[in-house]
Amino acid sequence: MSEVSITKPTSQKFWPTVADALRGTHHDYTQGSIPRAIVLLAVPMVLEMALESVFAVVDAFWVGKLGPTALSTIVYTESMLTIMYAVDMGLGMGATALVARRIGERDPEGAAQSAGQAIIIGIVASIVLGLVGGLLAPQLLALLGAAPDVIAQGSWYTRVMLGGSGCILFLFLFNAIFRGVGDAAIAMRVLWFANIINLILDPCFIFGWGPFPHLGVTGAAVATTIGRTCGALFALSRLVRPGNRITLRARHLKVIPAVMGRMLRLSWVTAVQGGIGSASYVGLVNIMSRFGDQAVAGFGVSIRILIFALLPSWGLGNASATMVGQALGSRQPERAEKAVWLAAGYDCVVLTLVGLVFGLFAHPLVSLFTTDPVALATGATSLRIMALGFPFYAYGMTVTQSFNGAGDTWTPTMINLGVLWVFEIPFAYFLAVTSKFGPVGVFIALTSAFSLLAVVSILLFRRGRWKAVAL
């Protein structure tokens, strides 16, 4: 068993470590300094998640210039995409957990087999989700409470986004495989490539610049889908290239029942876990729809800004999941636990500072995306209230992802079910509608859920049952 080092990196070591993280320097995450390992993983993972969120932020920025009705289309569609994101992230987390465990065991062939089984599942899931979403887009918008003008203007945006959701799935999946291996820098570069394409094409298709057709809000969906597809293809090209820590070959795309069974077990539970969170967001949007399209638009803008601000949590959470998976694979549970607490502490410091910025600059931040007075006021209030829960969110996200990295997917699933469905949605309805707090009630409920989820996750994590999960 290797010695566990938790020496904090000095300022002289920090920036060279960041440079190594961006270059993608090869590193054995089962050995040596834990803080250095966290930085090597977390820096590219934070940037990767930042770039994933840029898709939604760029779309909201350009579409916001078309008015609140067009912006509401994005909000309603995004609430449906969150269900698909749950499937994507479930499959991705299953891949990360199994690949990381095999890498920790020094079994690259087993890691490649795990990646291949995840890809087979992804092909089937993308076909089913794309067909259902693309064909039923108008009905789904109506089900969420979208007004007739939103459905009329935004149906094709929703069709393209949902119909092309397979590109999102594979972008998530391939990058999850790279994270499990420890090649976080490759996943970051994939998102750079995809976002550059989206940044260029978004205004071209929306406003019909140059030779491009004028597609309005639908153009945002076309540009985003093209960008993500190119990113997924680039990721695949790196996955099959010889010389990486794992190299995918045709033999890995044959069904291996034992490995497929483990992948399905991990993935469907994690997908349900994400689906619980996604459905809770759909529920909140439905409650917000009672207060008008402008309120929905403002809430949607605040959520996009919120997601961007919470990227350190996602990055550090993914880093801790990889650390946990590889440490357990090398039979070092004490290293896994120390990595989680260090990552959560770093996360808490960063998000507390971000929360202070939101409290001071909420109004100008939201005004970048909308000038509608109702949407602007709603979004700014939402940001200020939700920022109060950031320190709790930091711990909740990091610890929850660590459960998943260990393969203990049931624990965070039950936590999400209890906190988000049993507590958050009824509490939001009670405050917003029954008690007539309006949109503010939704924001208070969301912040309260952040806090409760963190407390419950920490208490269960300290019990240590996740250390004994076999994969």
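For Ile246, the stated conditions do not hold, so it cannot be described as under 25 Å from Ser165 (Cβ atoms) and under 26 Å from the mean Cα position of the chain (by Cα).
Applying the criterion of being polar (S, T, N, Q) and under 22 Å from Gly441 (Cα atoms) to the residues of segment 289-319, the residue that is nearest to the chain's Cα centre (by Cα) is Ser302. Taken across segment 378-387, residues that are surrounded by fewer than 23 Cβ atoms within 10 Å (Cβ to Cβ) and not hydrophobic (A, V, I, L, M, F, W, C) do occur, with at least one present.
Cβ-Cβ distances below 7 Å connect no pair with a first residue in segment 248-274 that is part of a helix (DSSP H, G or I), a second residue that is among the charged types (D, E, K, R), and a separation of six or more residues or different chains. Restricting attention to segment 283-303, does a residue exist that is modelled with pLDDT under 85 and either in a helix (DSSP H, G or I) or not aromatic (Phe, Trp, Tyr) (or both)? Within segment 283-303, not a single residue is modelled with pLDDT under 85 and either in a helix (DSSP H, G or I) or not aromatic (Phe, Trp, Tyr) (or both). Applying the set (1) surrounded by fewer than 24 Cβ atoms within 10 Å (Cβ to Cβ); (2) touching a Leu at 6+ places or on another chain (Cβ under 6 Å); (3) not basic (Lys, Arg) to Asp107 leaves exactly one unmet item: (2). Considering Ser435, Ser402, Ser448, the condition of being of a type in the set (S, T, N, Q), closer than 25 Å to Arg290 by Cβ, buried (at least 19 other Cβ atoms within 10 Å of the Cβ) and out of contact with any strand residue (DSSP E or B) (no Cβ under 7 Å at 6 or more places or on another chain) is satisfied by Ser448 alone. The single condition among (1) hydrophobic (A, V, I, L, M, F, W, C); (2) modelled with pLDDT of 95 or more; (3) surrounded by 20 or more Cβ atoms within 10 Å (Cβ to Cβ) that Leu233 does not satisfy is (3). A single member of Ala70, Ala95, Ala42, Ala142 is small (Gly, Ala, Ser) and without any contact (Cβ under 8 Å) to a residue 40 or more places away in the chain, and it is Ala142.
Of the helices (runs of 4 or more DSSP H) lying entirely inside segment 134-200, those containing at least 1 residues that are of a type in the set (Lys, Arg) and touching a helix residue (DSSP H, G or I) at 6+ places or on another chain (Cβ under 7 Å) are 148-163, 165-181.
Inspect segment 350-363 for any residue being without any contact (Cβ under 8 Å) to a residue 12 or more places away in the chain, aromatic (Phe, Trp, Tyr) and surrounded by fewer than 16 Cβ atoms within 10 Å (Cβ to Cβ) and give the result as yes or no. Yes; the residues of segment 350-363 include at least one that is without any contact (Cβ under 8 Å) to a residue 12 or more places away in the chain, aromatic (Phe, Trp, Tyr) and surrounded by fewer than 16 Cβ atoms within 10 Å (Cβ to Cβ). Checking each residue in segment 163-188 for being under 30 Å from Gly216 (Cβ atoms) and more than 17 Å from the chain's Cα centre (by Cα) picks out Gly163, Gly164. When each of Ser382, Ser402 is tested for being more than 17 Å from Ala432 (Cβ to Cβ) and either aromatic (Phe, Trp, Tyr) or outside any loop (DSSP other than H, G, I, E, B) (or both), the lone residue that passes is Ser402.
The values are calculated or read from the model by the stated rules, or taken from the named source; none is laboratory data. All values reported here derive from a predicted model rather than from experimental measurement. Quick reminder, even Gly has a Cβ in these numbers, built from the backbone with ideal geometry, and neighbours come from all protein chains shown.
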